[in-house]
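Student: Questions regarding the structure given below will be posed in turn.
The values are calculated or read from the model by the stated rules, or taken from the named source; none is laboratory data. Model, not experiment: these values are computed from the prediction. Cβ atoms come from the backbone with ideal geometry, glycine included; neighbour counts cover every protein chain shown. Note: areas computed on protein heavy atoms with side chains; ligands, DNA, RNA excluded. Shrake-Rupley method; radii C 1.70, N 1.55, O 1.52, S 1.80 Å.
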Amino acid sequence: TPGLDFLFYPLSQKPDLSGYLLLAPDAPPLTIADACRPLLLLDANWRHATKMRKAIEPVEARSIPPGWKTAYPRHSKKNTDPETGLATVEALFAATCVIGRRDDSLLRVYPWRNAFLALNRDLMPES
(Lines give C-alpha, C1' and ligand atoms only; values in the text may rest on other atoms or scores of the structure.)
Protein backbone atom coordinates (compact mmCIF):
# COMPACT_ATOMS: atom_id res chain seq x y z
CA THR A 1 0.00 0.00 0.00
CA PRO A 2 1.47 3.37 -0.94
CA GLY A 3 2.40 5.51 2.05
CA LEU A 4 3.31 2.63 4.37
CA ASP A 5 6.89 2.16 5.47
CA PHE A 6 8.10 -0.89 7.39
CA LEU A 7 10.91 -1.07 9.92
CA PHE A 8 12.13 -4.40 11.19
CA TYR A 9 12.89 -5.16 14.82
CA PRO A 10 15.43 -5.25 16.27
CA LEU A 11 16.34 -1.90 14.78
CA SER A 12 19.82 -1.55 13.31
CA GLN A 13 19.66 2.15 14.25
CA LYS A 14 16.99 4.29 15.86
CA PRO A 15 15.06 6.20 13.19
CA ASP A 16 14.07 9.85 13.55
CA LEU A 17 10.47 9.58 14.74
CA SER A 18 9.99 13.22 15.68
CA GLY A 19 6.47 14.28 14.80
CA TYR A 20 5.12 10.72 14.74
CA LEU A 21 2.26 9.44 16.87
CA LEU A 22 2.53 5.91 18.21
CA LEU A 23 -0.76 4.02 18.42
CA ALA A 24 -0.79 2.57 21.94
CA PRO A 25 -3.65 1.38 24.16
CA ASP A 26 -2.47 3.37 27.21
CA ALA A 27 -2.50 6.83 25.60
CA PRO A 28 -4.98 9.68 25.16
CA PRO A 29 -7.44 9.06 22.29
CA LEU A 30 -6.59 9.95 18.71
CA THR A 31 -8.67 12.83 17.31
CA ILE A 32 -9.20 14.61 14.01
CA ALA A 33 -6.67 17.20 15.26
CA ASP A 34 -3.99 14.50 14.86
CA ALA A 35 -4.67 14.10 11.13
CA CYS A 36 -1.52 15.98 10.08
CA ARG A 37 0.85 13.65 11.97
CA PRO A 38 2.27 10.37 10.64
CA LEU A 39 1.28 7.25 12.56
CA LEU A 40 3.56 4.58 13.96
CA LEU A 41 2.26 1.10 14.77
CA LEU A 42 4.04 -1.80 16.42
CA ASP A 43 3.09 -5.14 14.90
CA ALA A 44 3.77 -7.75 17.58
CA ASN A 45 2.13 -9.68 20.36
CA TRP A 46 1.66 -7.69 23.59
CA ARG A 47 4.81 -9.13 25.21
CA HIS A 48 7.06 -8.17 22.30
CA ALA A 49 5.38 -4.81 21.73
CA THR A 50 6.61 -3.68 25.16
CA LYS A 51 10.25 -4.32 24.18
CA MET A 52 9.75 -2.70 20.79
CA ARG A 53 8.23 0.39 22.36
CA LYS A 54 11.21 0.85 24.65
CA ALA A 55 13.49 0.76 21.58
CA ILE A 56 11.74 3.74 19.95
CA GLU A 57 10.91 5.92 22.95
CA PRO A 58 10.29 8.74 23.43
CA VAL A 59 7.43 8.98 20.92
CA GLU A 60 4.16 10.74 21.67
CA ALA A 61 1.28 8.26 21.71
CA ARG A 62 -2.44 8.14 21.01
CA SER A 63 -4.96 5.35 21.39
CA ILE A 64 -7.87 4.29 19.23
CA PRO A 65 -10.99 5.87 20.78
CA PRO A 66 -13.22 3.44 22.73
CA GLY A 67 -15.81 1.29 21.02
CA TRP A 68 -13.80 -0.42 18.27
CA LYS A 69 -14.00 -4.23 18.38
CA THR A 70 -11.63 -6.78 16.91
CA ALA A 71 -12.73 -9.53 14.55
CA TYR A 72 -9.37 -11.28 14.87
CA PRO A 73 -9.83 -14.70 16.53
CA ARG A 74 -7.29 -14.56 19.37
CA HIS A 75 -6.40 -17.62 21.40
CA SER A 76 -3.66 -16.96 23.95
CA LYS A 77 -2.74 -19.79 26.30
CA LYS A 78 -0.33 -17.67 28.37
CA ASN A 79 -1.63 -14.10 28.41
CA THR A 80 -4.94 -12.33 28.32
CA ASP A 81 -5.16 -9.91 25.42
CA PRO A 82 -6.85 -6.62 26.22
CA GLU A 83 -10.55 -6.78 25.37
CA THR A 84 -10.15 -3.59 23.37
CA GLY A 85 -6.99 -4.78 21.59
CA LEU A 86 -7.18 -4.66 17.81
CA ALA A 87 -5.13 -6.47 15.20
CA THR A 88 -2.54 -4.10 13.72
CA VAL A 89 -4.39 -3.69 10.43
CA GLU A 90 -7.65 -3.09 12.32
CA ALA A 91 -5.97 -0.38 14.41
CA LEU A 92 -4.54 1.30 11.32
CA PHE A 93 -7.92 1.24 9.59
CA ALA A 94 -9.68 2.59 12.71
CA ALA A 95 -7.08 5.37 12.95
CA THR A 96 -7.71 6.41 9.34
CA CYS A 97 -11.42 6.62 10.14
CA VAL A 98 -10.83 8.73 13.25
CA ILE A 99 -8.60 11.23 11.44
CA GLY A 100 -11.03 11.56 8.53
CA ARG A 101 -9.09 9.53 5.95
CA ARG A 102 -10.90 6.19 5.84
CA ASP A 103 -8.94 3.81 3.62
CA ASP A 104 -10.75 0.55 2.84
CA SER A 105 -7.79 -0.66 0.76
CA LEU A 106 -5.99 -1.40 4.04
CA LEU A 107 -8.42 -4.28 4.63
CA ARG A 108 -8.47 -5.66 1.08
CA VAL A 109 -6.73 -8.94 1.97
CA TYR A 110 -7.63 -9.12 5.67
CA PRO A 111 -9.45 -12.45 6.18
CA TRP A 112 -11.77 -11.02 8.86
CA ARG A 113 -12.54 -7.82 6.88
CA ASN A 114 -16.30 -8.30 6.62
CA ALA A 115 -16.71 -9.27 10.28
CA PHE A 116 -14.58 -6.29 11.39
CA LEU A 117 -16.56 -3.85 9.24
CA ALA A 118 -19.86 -5.25 10.53
CA LEU A 119 -18.76 -5.06 14.18
CA ASN A 120 -17.69 -1.42 13.80
CA ARG A 121 -20.10 -0.04 11.22
CA ASP A 122 -21.49 2.59 13.62
CA LEU A 123 -18.01 4.05 14.22
CA MET A 124 -17.02 4.47 10.58
CA PRO A 125 -17.71 7.36 8.24
CA GLU A 126 -19.13 6.43 4.86
CA SER A 127 -16.47 5.36 2.38
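Student: Please determine, by comparing only the residues of segment 15-61 that are part of a loop (DSSP other than H, G, I, E, B) and loosely packed, with under 10 Cβ neighbours inside 10 Å, which one is modelled with the highest pLDDT.
Tutor: If we take residues in segment 15-61 being part of a loop (DSSP other than H, G, I, E, B) and loosely packed, with under 10 Cβ neighbours inside 10 Å, then Cys36 is modelled with the highest pLDDT.
Student: Could you go through segment 60-68 and let me know if any residue there is under 16 Å from Thr96 (Cβ atoms), among the charged types (D, E, K, R) and under 14 Å from the mean Cα position of the chain (by Cα). Spell out the reasoning first.
Tutor: Taking segment 60-68 and keeping what is under 16 Å from Thr96 (Cβ atoms), we get 62-65, 67-68.
After this cut, where a residue has to be among the charged types (D, E, K, R) as well, the list is 62.
The next check asks that each one be under 14 Å from the mean Cα position of the chain (by Cα); those that pass are 62.
Within segment 60-68 (the criterion being under 16 Å from Thr96 (Cβ atoms), among the charged types (D, E, K, R) and under 14 Å from the mean Cα position of the chain (by Cα)), the answer is yes, since at least one residue qualifies.
Student: Confirm whether Thr96 is within 18 Å of Ser63 (Cα to Cα), touching a strand residue (DSSP E or B) at 6+ places or on another chain (Cβ under 9 Å) and modelled with pLDDT of 95 or more. Can you show your working first?
Tutor: On the way: within 18 Å of Ser63 (Cα to Cα): yes; touching a strand residue (DSSP E or B) at 6+ places or on another chain (Cβ under 9 Å): yes; modelled with pLDDT of 95 or more: yes.
Spelling it out, Thr96 is indeed within 18 Å of Ser63 (Cα to Cα), touching a strand residue (DSSP E or B) at 6+ places or on another chain (Cβ under 9 Å) and modelled with pLDDT of 95 or more.
Student: Would you mind telling me which numbered condition in (1) open to solvent by less than 30 Å² (accessible area, probe 1.4 Å); (2) in a loop (DSSP other than H, G, I, E, B) Gly3 fails?
Tutor: Going through the list (1) open to solvent by less than 30 Å² (accessible area, probe 1.4 Å); (2) in a loop (DSSP other than H, G, I, E, B), Gly3 breaks only (1).
Student: Take the residues in segment 89-127 that are farther than 21 Å from Thr31 by Cβ and of a type in the set (Phe, Trp, Tyr); name whichever of them is least open to solvent (accessible area, probe 1.4 Å).
Tutor: Filtering first and then ranking leaves Phe116.
Student: Right, another one. Please go through segment 62-84 and pick out each residue that is part of a loop (DSSP other than H, G, I, E, B) and either basic (Lys, Arg) or modelled with pLDDT of 90 or more (or both). It would help to see each step written out before you state the result.
Tutor: Taking segment 62-84 first, the residues part of a loop (DSSP other than H, G, I, E, B) are 64-84.
Hits for segment 62-84 are Ile64, Pro65, Pro66, Gly67, Trp68, Lys69, Thr70, Ala71, Tyr72, Arg74, Lys77, Lys78.
Student: Collect the residues in segment 48-70 that are under 13 Å from Gly85 (Cα atoms) and touching a residue at least 24 places away in the same chain (Cβ under 8 Å), keeping them in residue-number order. Before you say what the answer is, go through the steps one by one.
Tutor: Applying the first criterion (under 13 Å from Gly85 (Cα atoms)) to segment 48-70 yields 49, 63-70.
Matches in segment 48-70: Ser63, Ile64, Pro65, Pro66, Gly67, Trp68, Lys69, Thr70.
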